[in-house]
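One structure is given below, encoded as structure tokens.
All of the numbers you see were taken from the coordinates with simple rules; none came from a lab. In this text the structure is predicted, and so the values were computed from the model without any measurement. All Cβ positions, even for glycine, are placed from backbone atoms using ideal geometry, and neighbour counts span all protein chains on display.
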Amino acid sequence: MKHQIQQLVSTALAQLANHGVIPADAVPSPTIERARDPRHGDFATNVALVLAKPARSKPRDLAEKLMAALPASAMIEKTEIAGPGFINFYLSADAYHALVPAILEQGPDYGRSDLGQGKRVQVEFVSANPTGPLHVGHGRGAAYGSVVADLLAAVGYDVHREYYVNDAGRQMDILGNLGLAALPGTLR
């Protein structure tokens, strides 16, 4: 969806450049981000803010022209200008419904990417203290760590999982020395 919105905005920018509203050499690849607050739509772009100075226009005025130049799309329910010139995109229910066949077709591979480009990452998790009782929080840490590692692997990282045992500290020193004390020739 993000890519499709980016294409719509790029088409509108090209149209504005053709009509001399913005300089053709200043047209960037628009950045489309998920809206931080759902009340502000599903996606947003700041392209009107970025282009305001080269276009010698107020960001909100440029945002209005950009919205008017956007091609019609069944995936967009509405657009609105927010703040100094952000454009918020609200997706239609049809946009989400259109994803279902792709999700079913791709199955477990849906959403995978090569974002990580094979970079190595190490995920350490659990950190259970061997001298204390295990509790639900340790299980939660194991589940979270496993999920984070799986997500990183799904987007192309080479993930090394490390079960971290929290064995540093005075208690483990005492435990270790108790075992050594029984051996002949060891320090006591």
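Calculated on C-alpha atoms, the gyration radius of the stretch 1-42 divided by its Kirkwood radius gives an Rg/Rh of 1.08.
Straightening the chain between residue 155 and residue 106 buys 16.1 nm, computed as 0.36 nm per residue apart minus the Cα-Cα spacing. Shown for the chain: lysine pairs separated by 8 or more places, or found on different chains, whose C-alpha atoms are under 23 Å apart, numbering 5. Per-residue Cβ neighbour counts within 10 Å put 43, 125 in the sequence 125, 43, beginning with the fewest.
For P(r) over Cα pairs in 10 Å bins from 0, in percent, the listed values are (1) 11, 41, 38, 10, 0; (2) 9, 33, 35, 19, 3, 0; (3) 8, 22, 20, 18, 13, 8, 6, 4, 1, 0; which was obtained by calculation from the structure presented? Recomputing P(r) over Cα pairs in 10 Å bins from 0, in percent here picks out (3). Orientation-averaged projection of the stretch 34-135 equals 12.5 nm² [convex hull of Cα atoms, one quarter of hull surface area]. Of the peptides 25-38, 149-162, 6-19, the order by per-residue mean of other Cβ atoms within 10 Å, starting with the highest, comes out as 6-19, 149-162, 25-38. Our helix-only sum for the chain, with -39,500 (n - 2.57) per DSSP H run of n ≥ 4 divided by its residues, gives a mean residue ellipticity at 222 nm of -13000 deg cm²/dmol.
Here the stretch 1-54 and the stretch 109-164 have alpha carbon centers that stand 36 Å from each other.
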